[in-house]
Amino acid sequence: MKISNKILVWFLVVQFFTVSTSFAQVVEPELPTKNIETQPQAIQDKIPTNQPQLSIIEKLFNTIPADNQIIEQFGYEIFENGVGSTSARIPSGYKLRIGDRVNVYFWGDTIDILSMAGSPVVQPSIDVIVDKEGNLFIPGVGLIPAKDKTVNNVEQQVYSLLSSKFNGFKVKVTVYEPGNFPVMVMGNIKKPGVVYLNSSSSLIDAVSLAGGVTKEGSLREIVYINGANKSRLTLDLYDLLIKGQQKNISLKEGDVILVKPIGKVVSLSEGVKKPAIYEFKSGESLQTLISMAGGLLPSINSKNVQVESFDKASNQKITRDVNDFELGKIYPNDGDSLAFKSAYNVSENIVTIEGNVKHPGSFQYKNGMKLSNILKTQDELLTKTFVYQAVIERIDGVEKEITTISVSLVDFFNGIIDPELAPQDKVKIYPNTKMQNIEISGYISNPCIIPYVDNMALKDLIATVDFEVPSEVNYVDSRIVGNMRKVNINNIVAEITSKNSDNVKTVYLYELLTRNNNAYNVNLAAGDRVLFRPVSDKEALRTVKILGYVKSPGVYKVRPGLKISNAIEMAGGLTEEAYMKGLIFNRSGIAQQQQLIQEESLLKLKEDLALKINKMQNLDKNALTTDAKQFEDNQEELINIKDNKFKENQGRIAINIKDNKITESDDLEVKDGDEIFIPSTPQHINVIGEVHNQSAIAYYPTKTVKYYIDNVGGLTKQAKKSEIYVIKANGTSVKAKKLSALTLDPGDAIIVPRKIGLPINWTSITKDVFQTMVNSMSAIFMISRF
């Protein structure tokens, strides 16, 4: 009978499980609909490499592609790899959402679970979904509130409901598949609109589902807007693409992602490890951009950097060269194209012969190689060769300068000379064409006639000469070598006379070679005569130091007649931070004169002080000693302050500025040794002297002298209000007659002088006078009695 009862119980259990399962399938809530086919494509179709479809930005930099190399915008391919996996690990503390699919597991002692015959039982594993009301329906348990609850919260609720019916069991709840929720993706997106994400989706996934960022959109300014509190966070995808750094953002229903338009762009097309078009922010230098592109290639010499810019005014591209020290100080313009070129494009272990020879070409260099090893007989020359001079161009020194060696082919073939060659030497043989020569003379070691070649310019000619003068000539900035004196090339002038005219073109080599001003690289013509001579005293260059907030600070050599404004333009002009009203212009000659005047002034002040102290002591040697000492100390302090203030401005000439420009009368001609400093715009006013709290106060455009004095506690009793004055940022002084009327400029200083009257102790003096009178009256009284 017991066996029959057990069989009956097991039969009822099996039937109950079957019924429960069927019931669960019937009452299961409706799932949120999700049409996969209507979702935005996660992977873009890649552009065929043979027919690239360029964006507007890419077309700007690919007008003349070299070697069919297309420069593309950096980083946009990140959206071609689709969305992340939905099976990512659910973070701890995850709160359930509508549509989440969860698994509920039960296990324990079966006898305990079935101990109460007829009681509802549960399945060992149940797959359920959070319905639209935010509930979980678990067969055998009932409805459980789940929305915004953690998995642990749900486990505790299930256990609490079943523990009153069963013993010896355990519950485990896990998220099997997170549900989807809507997020808005807007801005410069290929398919803007709503995308559906889950809890494991990232911002990249959201943008990818919307088709990715268009190439007119920014990768460096993507704005995340929190749907709950409307807070904003700007993301820079370059942090992820270049540094591997990513901000963890937990996307939620109602969030918005906004892609801003692309910012400034620059092309790094050559010499870097990752050529591309990069988006950059204000304040990022060329050095920063090189780092973005993975750095320079090992073969690149950073001292030879070519920057190509687009000039909107002339509608042309212009180029300039910069060195490696300037890379961190130069900031590109929007649309710049940068190419980093190697110093030399040839192998270092070869020599080359070219020009009027039958077999021009390159030869492997060997130690001890001479010209005769590559030019063996006259038969190797073509007809009409200019045999009186060939040229060997040589790369020499640490700075890799090109020097030239003149060779007479007549002497060479006669066995008189056979110059030794060096790696990278280039031997040039010229044709002998009638009237196609240029005559070179003057202060050079090798006056000669050289062949003219097409498009020859002054720089080409300079490469063939050494500048020297006879040693007996007393020439500044030179050194004696043998019986000749080597001359600084910056102090040389080239005078060019054409064969059919007596007109002379004058070119200062400092402008051409040091300042690299190609406007001075004049084209030569056949028959021209070039004379090199020293700069005369009247033409002598002047050294001017231009520092501060100019685009290219440094020491410049300038010609007579150059004004202060011209010198600032020479240094590239002002930066955005420059404060022209605070211009400091120092001149050493003025400093010496000012020093003599200051010494005389200080001596007179000290003499006046000694006289005043002497007068004080004559009034009362005992009673006024302390006051006199205090007065003397105060006056000494004032004299020292005045002296220190003078030293700060020693040599300065005050320059008046109007509308951010130097007035015509103050635009002085610069002299040798002058210094120009442009400060940044200050944000304060200094208040110095007899005020309760000497300090600097934030500048306000409409505030007067009175406002700033009041903000440092006002005047002291020793202040001489009638003598308050203002030192302007340009060095001039203005007396503040009405404190409430005079407005200031940034960087001005308010000076409150001390009263200089003699401090007299009237109490002591009155006492002494009274005592004297009493004594006198007593004496008169005594006399009258006799």
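The values are calculated or read from the model by the stated rules, or taken from the named source; none is laboratory data. What you see is a predicted model, and the numbers here were worked out from it, not measured in a lab. Reconstructed Cβ throughout: ideal geometry from the backbone, glycine too, with neighbour counts over all protein chains shown.
Assorted remarks:
- Segment 238-286, residues that are closer than 22 Å to THR214 by Cβ and assigned to a helix (DSSP H, G or I): TYR238, ASP239, LEU240, LEU241, ILE242
- Taking the listed residues VAL185, VAL272, VAL259, VAL213, the one that is modelled with pLDDT under 90 and either surrounded by fewer than 18 Cβ atoms within 10 Å (Cβ to Cβ) or in contact with a helix residue (DSSP H, G or I) (Cβ under 8 Å, 6 or more places away or on another chain) (or both) is VAL272, with no other qualifying.
- Residue, farthest from ASN188 (Cα to Cα), within segment 222-236, restricted to residues that are in a strand (DSSP E or B) and among the aliphatic types (A, V, I, L, M): LEU233
- The strands (runs of 3 or more DSSP E) falling completely within segment 127-221 that include 2 or more residues that are more than 42 Å from the chain's Cα centre (by Cα) map to 135-138, 142-145, 169-177.
Results for (1) at pLDDT 70 or above; (2) touching a Lys or Arg at 6+ places or on another chain (Cβ under 7 Å); (3) of a type in the set (S, T, N, Q), shown as yes or no for each residue.
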{"site": "LEU286", "(1), (2), (3)": "yes, no, no"}
{"site": "SER291", "(1), (2), (3)": "yes, no, yes"}
{"site": "GLY294", "(1), (2), (3)": "yes, yes, no"}
{"site": "ASN301", "(1), (2), (3)": "no, no, yes"}
{"site": "ASN304", "(1), (2), (3)": "no, yes, yes"}
{"site": "VAL307", "(1), (2), (3)": "no, yes, no"}
{"site": "GLN316", "(1), (2), (3)": "no, no, yes"}
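- Of the strands (runs of 3 or more DSSP E) lying entirely inside segment 671-710, those containing at least 3 residues that are modelled with pLDDT of 90 or more and crowded, with 16+ Cβ neighbours inside 10 Å span 675-678, 684-689.
- Hits in segment 360-418 - residues which are within 24 Å of SER445 (Cβ to Cβ), at pLDDT below 85 and loosely packed, with under 15 Cβ neighbours inside 10 Å: ASP396, GLY397, VAL398, GLU399, LYS400, GLU401, ILE402, THR403
- Of all residues in segment 89-116, those being surrounded by 12 or more Cβ atoms within 10 Å (Cβ to Cβ), at pLDDT 70 or above and not in a strand (DSSP E or B) number 7.
- Just one of the numbered conditions (1) over 19 Å from TYR508 (Cα atoms); (2) surrounded by 14 or more Cβ atoms within 10 Å (Cβ to Cβ); (3) modelled with pLDDT of 85 or more is not true of GLU576: (2).
- Pairing each residue of segment 237-253 that is surrounded by 11 or more Cβ atoms within 10 Å (Cβ to Cβ) with any residue that is of a type in the set (Asp, Glu) and part of a helix (DSSP H, G or I), provided the two are 6+ apart or on different chains, yields C-beta distances under 9 Å for GLN246/ASP239; LYS247/ASP239; LEU251/ASP205.
- The residue pairs whose first member lies in segment 507-533 and is of a type in the set (D, E, K, R), whose second member is at pLDDT 80 or above and part of a helix (DSSP H, G or I), and whose beta carbons are closer than 8 Å, counting only pairs six or more residues apart or on different chains, are GLU511/TYR520.
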